[in-house]
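Asker: One structure follows; several queries about it will come next.
The values are calculated or read from the model by the stated rules, or taken from the named source; none is laboratory data. All of these numbers come straight from a predicted model, not from anything done at the bench. Cβ coordinates were reconstructed from backbone atoms using ideal geometry, including for glycine residues, and neighbour counts include every protein chain displayed. Side chains included, ligands, DNA and RNA excluded: accessible areas come from the protein's heavy atoms. Shrake-Rupley method; radii C 1.70, N 1.55, O 1.52, S 1.80 Å.
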4 protein chains.
Amino acid sequence: MARMEKIGAFGLTEPNHGSDAVALETRARRIGNEYVIDGAKRWIGNASFADVVIIWARDDEGNVGGFLVEKGTPGFKTEVMTGKVAKRAVWQTDIALTGVHLPLGNRLAFSRSFKDTGRVLTATRSGVAWEAIGHAIAAYEIALTYTKERIQFGKPLASFQIIQNKLAAMLANVTTMQLLCLRLSQLQAQGKMTDAMASLAKMNNARLAREVVAEAREMLGGNGILLEYHIARHHADIEAVFTYEGTDTIQSLIVGRDITGTQAFAPR
Amino acid sequence: MARMEKIGAFGLTEPNHGSDAVALETRARRIGNEYVIDGAKRWIGNASFADVVIIWARDDEGNVGGFLVEKGTPGFKTEVMTGKVAKRAVWQTDIALTGVHLPLGNRLAFSRSFKDTGRVLTATRSGVAWEAIGHAIAAYEIALTYTKERIQFGKPLASFQIIQNKLAAMLANVTTMQLLCLRLSQLQAQGKMTDAMASLAKMNNARLAREVVAEAREMLGGNGILLEYHIARHHADIEAVFTYEGTDTIQSLIVGRDITGTQAFAPR
Amino acid sequence: MARMEKIGAFGLTEPNHGSDAVALETRARRIGNEYVIDGAKRWIGNASFADVVIIWARDDEGNVGGFLVEKGTPGFKTEVMTGKVAKRAVWQTDIALTGVHLPLGNRLAFSRSFKDTGRVLTATRSGVAWEAIGHAIAAYEIALTYTKERIQFGKPLASFQIIQNKLAAMLANVTTMQLLCLRLSQLQAQGKMTDAMASLAKMNNARLAREVVAEAREMLGGNGILLEYHIARHHADIEAVFTYEGTDTIQSLIVGRDITGTQAFAPR
Amino acid sequence: MARMEKIGAFGLTEPNHGSDAVALETRARRIGNEYVIDGAKRWIGNASFADVVIIWARDDEGNVGGFLVEKGTPGFKTEVMTGKVAKRAVWQTDIALTGVHLPLGNRLAFSRSFKDTGRVLTATRSGVAWEAIGHAIAAYEIALTYTKERIQFGKPLASFQIIQNKLAAMLANVTTMQLLCLRLSQLQAQGKMTDAMASLAKMNNARLAREVVAEAREMLGGNGILLEYHIARHHADIEAVFTYEGTDTIQSLIVGRDITGTQAFAPR
């Protein structure tokens, strides 16, 4: 996969479990020299055409593991989800697993508990924090270009107080988002990034990007709801960013647990 | 039209003039016993199939008037706009007017200045304030239903503090939006509604509805970006509501002018 | 008291219990023909000079009751709290109750459970929703007067876009706050006001008033931190309003419980 | 002054000019070998006891200069302002200048236009951005300590979802404020800090600090309005920070001018 000759997919999320991904219902029963996988996955990007999909499942002891399932394995069915309004360029997939037989060696060596899955999530969260910056900068630049060119009341929109007030706030948000990701990646490179740090960055940047994109959408007026001005696409996409790899609420509770030493996700 | 046997359309907005609609570029020249109309309109709902379109144009004296143009009149061309992501059920139209000849009688009797157009806008603004309530209530009910049914961490989402906190804010917003429109319509029925009142209601309700819909979108998590859960449609549509019949900024400046006695739209 | 010949006070809150007022630690033991009260109260308005204070305490059966304590009763000590920065005109009091003996008749007839206390709280919450309006209107009027008079860059502040934008939002907030209280009081007069309604109004109005006052404070610039311009006092006072008779969080959870049918105050 | 043996003060602001400080009314007339200063200053910190005050005034050519006025100079009167509710530790002063005679050498050598004054303001703005961090961190720590200790409904406040949600947002804000100031100071040390950068940092940090402090104030409930818990002081002080060295609005317009190339402060 690293040589880009094969395409992989990461199959964690299930239809009934988003924020509480740890509550996996997919089962990997050990039968003789095989694992037999049963369950369902949802939202799995690329899985409809991937050469191999890692399916996260719970084994007979209740431990979570990652299991490699190759394209065409009997009992493994995928269906591309339809009706998505955000991140339409990514094909996401419903997966049904019915008695999928796998050799024992297809269990990922490092994956013996949900903690290992968590390590993957921390890395992807840091990636989404960067992704939010991309949407925010695009939105800021679209808004700036548009308001400098669009004349209303005889002057460019960009010359009005309310527009400048918004542009200034957008630039401040973009700047702090960048500084936060820069620092996070420095810590990541030093092996010091914690999951709470990644969550704080994902939460903060998705929130600010959502604000920036909404302001930009509004500054384009009616043109802001037309695909050709691009901002409408960012406005739709940022909702996916706001939600995936851990919703805003979940990220805040991951940070909250780190701050207070007490978890508040679930009833105690 | 009132008997619904004919369909009409209202042609005010132009490609280069949204917020400053008064700056009409479309011209109605008087030539003998006719008006000759030249110009362009944009965003005109229903105009592609309407039996008659009212085109707002400036006459030789610089006054604004409404001119009835019937379907099929030579020089009158419409093209349905594509790429809209919001209010897709409404077909909006680009109109080109090239030497459209009209009898003098096609000028609306009451329309001698932009003030008359303004009266129409005030009424439609009050309608949009109600429209915002529709989106907000739909969003609130979708979110409430979903969070009562969706189980995470072993309990319905609706039983968690953060969710209840959001639901309470949404309900408060929906309630005040309703009370504001109720009062506005009472005043309207008594002939006491001013344009500043309509603008205040449109501004307030579009803002609050946008908040309510965004919260609801988020509470549905990933499912919130799928058309089948409906909230994604409201999330897209509310952007049109936020912008049309006067953007948020313009409404605030209409209210501001009423409060302070000074206009701040344009350079003075 | 209704004839204003005697001053009363309402002693519910305790040092360790604000939001969970139901967790009363003050005890009313029945000893022969008397109640003996022990405990502590805090934040009790007027109690230092009141002729009679109603002390809420838990009896031997664990039920909550209100007990009339007259000024000068042995074992009843009050101390005016110092260092308050908000609502300084109200003297609030720490009360120590050490073996205060009361005749049985001093227990309020209607008060047999915390539900009865709750009825009082519902009524006071509706009052605080109105109180918030008072602060908001004062702030709006101070800001409007000031910005119309204060000249900067050669023109009144009130003529600038950003200022008008803020004034319009303030007026919208004040208007919806008023409509909400009007409706609440109509329902109250008809005996239809529920505790969730009162909480929604208190929550909504305290939030909006806090926003309005903060905007006004800012619009007065440096003069906004001087007592002589009055807005600084409202800015301090609104914090008390935001918190007392149930914090913002508690109100939202009371509304949330009503919406969802599940309480989220406490661990379950 | 650098050896701290003498105390100086910076006299720019005038009673009628805050945001448009450039509109100085104080005059420095050249009469023979002297300057004669007439005018009034306001909000001048330390001026009542400073050994020397720099008075900014406009000369006969209309240029702005800084003029050293020593304590006790005839015609120079100071009066400490009263009724301040924020930053009470700083004594601010009204200054009246009536025919104050100064030798020509008392004009600061470098100060020949308002640009020179601007350089000072840029530096102090960067300082205020740091100052905002101080208030925000104090508020965060007060809130965290309090909510970990305060028990309601049988558990520490810090264990509840809504509280953790707030704490996480506060920490994110504090973190990005710190990163922004760190970067600003690096650029400042390299001589690359522009006035728009300083304004962006002051604007951003004062806004975020104001939010953090308000959340913390609320999390302390009733105790949050008592001086002994300290948060009430930060809550009052942050208003001064939000306003001084350029209000939020002015900073946003300085940034906006830099972004768009057009000034929107004043009518054009």
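Asker: When the residues of the stretch B:88-104 are narrowed to those that are in a loop (DSSP other than H, G, I, E, B) and out of contact with any strand residue (DSSP E or B) (no Cβ under 6 Å at 6 or more places or on another chain), which ends up least open to solvent (accessible area, probe 1.4 Å)? Reasoning before the result, please.
Answerer: Looking only at the stretch B:88-104, we keep the residues that are in a loop (DSSP other than H, G, I, E, B), and these are B:88-91.
Add one more test, that the residue is out of contact with any strand residue (DSSP E or B) (no Cβ under 6 Å at 6 or more places or on another chain), and what stays is B:88-89.
Numbers: B:Arg88: 168, B:Ala89: 100 Å².
Step by step, filter the stretch B:88-104, then rank; the result is B:Ala89.
Asker: Considering only residues that are farther than 20 Å from B:Gly62 by Cβ and of a type in the set (A, V, I, L, M, F, W, C), look in the stretch B:87-119 and name the one that is nearest to the other protein chains (Cβ to nearest Cβ).
Answerer: As a first pass, look at the stretch B:87-119 and keep what is farther than 20 Å from B:Gly62 by Cβ: B:87-96, B:98-99, B:101, B:103, B:105.
From the residues that got through so far, the ones that are of a type in the set (A, V, I, L, M, F, W, C) too are B:89-91, B:95-96.
Numbers: B:Ala89: 13, B:Val90: 11, B:Trp91: 14, B:Ile95: 15, B:Ala96: 18 Å.
The residue in question is B:Val90.
Asker: Open to solvent by 30 Å² or more (accessible area, probe 1.4 Å), more than 24 Å from B:Ala232 (Cβ to Cβ) and part of a loop (DSSP other than H, G, I, E, B): is that true of A:Ala109 in this structure?
Answerer: On the way: open to solvent by 30 Å² or more (accessible area, probe 1.4 Å): yes; more than 24 Å from B:Ala232 (Cβ to Cβ): yes; part of a loop (DSSP other than H, G, I, E, B): yes.
Answer is yes for this residue.
Asker: While we're on this one: Restricting to the stretch B:153-164, name every residue that is farther than 16 Å from C:Val255 by Cβ and either surrounded by fewer than 22 Cβ atoms within 10 Å (Cβ to Cβ) or among the hydroxyl-bearing types (Ser, Thr, Tyr) (or both). First the steps, then the outcome.
Answerer: Taking the stretch B:153-164 first, the residues farther than 16 Å from C:Val255 by Cβ are B:153-157.
Passing the criteria: B:Phe153, B:Gly154, B:Lys155, B:Pro156.
Asker: Then there is this: Can you confirm whether A:Ser252 is under 21 Å from D:Ala169 (Cα atoms), in contact (Cβ under 8 Å) with a residue 60 or more places away in the chain, among the hydroxyl-bearing types (Ser, Thr, Tyr) and surrounded by 21 or more Cβ atoms within 10 Å (Cβ to Cβ)? Give the steps one after another, and end with the answer.
Answerer: Details: under 21 Å from D:Ala169 (Cα atoms): yes; in contact (Cβ under 8 Å) with a residue 60 or more places away in the chain: no; among the hydroxyl-bearing types (Ser, Thr, Tyr): yes; surrounded by 21 or more Cβ atoms within 10 Å (Cβ to Cβ): yes.
No, not satisfied.
Asker: Still on this structure, please answer the following. Limited to the stretch D:1-53, what total is found for residues that are open to solvent by less than 30 Å² (accessible area, probe 1.4 Å), closer than 20 Å to D:Met81 by Cα, within 11 Å of another protein chain (Cβ to nearest Cβ) and touching a residue at least 24 places away in the same chain (Cβ under 8 Å)?
Answerer: 1
Asker: Given the condition touching a strand residue (DSSP E or B) at 6+ places or on another chain (Cβ under 6 Å), in a helix (DSSP H, G or I) and not small (Gly, Ala, Ser), answer yes or no: does some residue in the stretch A:141-162 qualify? Working first, answer last.
Answerer: Start the filter on the stretch A:141-162 by keeping residues that are touching a strand residue (DSSP E or B) at 6+ places or on another chain (Cβ under 6 Å), which leaves A:148.
Adding the requirement that they be in a helix (DSSP H, G or I) leaves A:148.
After this cut, where a residue has to be not small (Gly, Ala, Ser) as well, the list is A:148.
The answer is yes; a qualifying residue exists.
Asker: What are the residues in the stretch C:165-186 that are more than 7 Å from chain B (Cβ to nearest Cβ), farther than 30 Å from D:Leu253 by Cβ and open to solvent by less than 30 Å² (accessible area, probe 1.4 Å), if any?
Answerer: Correct list: C:Met177, C:Cys181, C:Leu184.
Asker: Further question on the same structure: Considering every residue within the stretch C:151-164, establish whether at least one is more than 10 Å from every other protein chain (Cβ to nearest Cβ) and touching a residue at least 40 places away in the same chain (Cβ under 8 Å).
Answerer: Initial filter on the stretch C:151-164 (more than 10 Å from every other protein chain (Cβ to nearest Cβ)): none.
No.
Asker: Same structure again: Please work out which one of (1) more than 14 Å from every other protein chain (Cβ to nearest Cβ); (2) closer than 23 Å to B:Ala236 by Cβ is the condition B:Gly66 fails and give its number.
Answerer: Only one criterion in (1) more than 14 Å from every other protein chain (Cβ to nearest Cβ); (2) closer than 23 Å to B:Ala236 by Cβ is unmet by B:Gly66, namely (2).
Asker: Also, I was wondering about something else. Return the residue satisfying two criteria in turn: it lies in the stretch C:114-150 and is modelled with pLDDT under 95 and open to solvent by 40 Å² or more (accessible area, probe 1.4 Å), and of such residues it is nearest to C:Val22 (Cα to Cα).
Answerer: C:Phe114
Asker: Being without any contact (Cβ under 8 Å) to a residue 40 or more places away in the chain and out of contact with any helix residue (DSSP H, G or I) (no Cβ under 9 Å at 6 or more places or on another chain) is the filter; apply it to the stretch C:107-126 and report the residue that is nearest to C:Gly246 (Cα to Cα).
Answerer: In this case the residue turns out to be C:Lys115.
Asker: Among the residues of the stretch C:25-63, write down those that are in contact with a Gly (Cβ under 9 Å, 6 or more places away or on another chain), part of a loop (DSSP other than H, G, I, E, B) and over 22 Å from C:Ala240 (Cα atoms). I'd like the intermediate steps shown before the answer.
Answerer: To start, the set of residues in the stretch C:25-63 that are in contact with a Gly (Cβ under 9 Å, 6 or more places away or on another chain) comprises C:25-28, C:35-38, C:41-44, C:46-47, C:50-59.
Narrowing the set further to residues that are part of a loop (DSSP other than H, G, I, E, B) leaves C:25-26, C:46-47, C:50-51.
Scanning the stretch C:25-63 gives C:Glu25, C:Thr26, C:Asp51.
Asker: Can you tell me which residue in the stretch D:2-23 is modelled with the highest pLDDT, limited to those that are touching a helix residue (DSSP H, G or I) at 6+ places or on another chain (Cβ under 8 Å), of a type in the set (A, V, I, L, M, F, W, C) and in a loop (DSSP other than H, G, I, E, B)? Before the answer, list the steps.
Answerer: Going residue by residue through the stretch D:2-23, those that are touching a helix residue (DSSP H, G or I) at 6+ places or on another chain (Cβ under 8 Å) are D:10, D:12-13, D:18-19, D:21-22.
In the following step, the residues that additionally are of a type in the set (A, V, I, L, M, F, W, C) were identified as D:10, D:12, D:21-22.
Pick out the ones that are also in a loop (DSSP other than H, G, I, E, B) and you get D:12, D:21-22.
Details: D:Leu12: 93, D:Ala21: 80, D:Val22: 81.
Here the answer is D:Leu12.
Asker: A further question follows. Residues that are of a type outside the set (Ser, Thr, Tyr), touching a Gly at 6+ places or on another chain (Cβ under 7 Å) and away from chain B (no Cβ under 13 Å): does the stretch C:203-217 have at least one?
Answerer: At the first step, the residues of the stretch C:203-217 found to be of a type outside the set (Ser, Thr, Tyr) are C:203-217.
Among the residues that remain, those that are also touching a Gly at 6+ places or on another chain (Cβ under 7 Å) are: C:217.
If we keep only those that are away from chain B (no Cβ under 13 Å) too, we end up with C:217.
Yes, the stretch C:203-217 contains a residue that is of a type outside the set (Ser, Thr, Tyr), touching a Gly at 6+ places or on another chain (Cβ under 7 Å) and away from chain B (no Cβ under 13 Å).
Asker: Return the total of residues in the stretch D:222-243 being within 17 Å of C:Gly83 (Cβ to Cβ) and touching a residue at least 12 places away in the same chain (Cβ under 8 Å).
Answerer: We begin by selecting, within the stretch D:222-243, every residue within 17 Å of C:Gly83 (Cβ to Cβ); these are D:222-237.
Then drop every residue that is not touching a residue at least 12 places away in the same chain (Cβ under 8 Å), which leaves D:223, D:229-232, D:234-237.
Looking only at that region, the number is 9.
Asker: Could you list, in sequence order, the residues of the stretch D:66-87 that are free of Cβ contacts under 8 Å to residues at least 40 places away in the same chain and in a loop (DSSP other than H, G, I, E, B)?
Answerer: D:Lys71, D:Gly72, D:Thr73, D:Pro74, D:Gly75, D:Met81, D:Thr82, D:Gly83
Asker: Would a scan of the stretch D:230-243 turn up a residue that is within 14 Å of chain A (Cβ to nearest Cβ) and open to solvent by 30 Å² or more (accessible area, probe 1.4 Å)?
Answerer: Of the residues in the stretch D:230-243, the ones within 14 Å of chain A (Cβ to nearest Cβ) are none.
Within the stretch D:230-243, not a single residue is within 14 Å of chain A (Cβ to nearest Cβ) and open to solvent by 30 Å² or more (accessible area, probe 1.4 Å).
Asker: Here is a list of conditions, (1) out of contact with any Ser or Thr (no Cβ under 8 Å at 6 or more places or on another chain); (2) more than 7 Å from every other protein chain (Cβ to nearest Cβ); (3) in contact (Cβ under 8 Å) with a residue 12 or more places away in the chain, and B:Gly261 meets all of them except one; can you say which number that is?
Answerer: So B:Gly261 meets the others, but not (3).
Asker: Can you tell me which residues in the stretch A:184-195 are part of a helix (DSSP H, G or I) and over 15 Å from A:Arg125 (Cβ atoms)?
Answerer: So the first thing to find is which residues in the stretch A:184-195 are part of a helix (DSSP H, G or I), and the list is A:184-189, A:195.
Passing the criteria: A:Gln186, A:Ala189.
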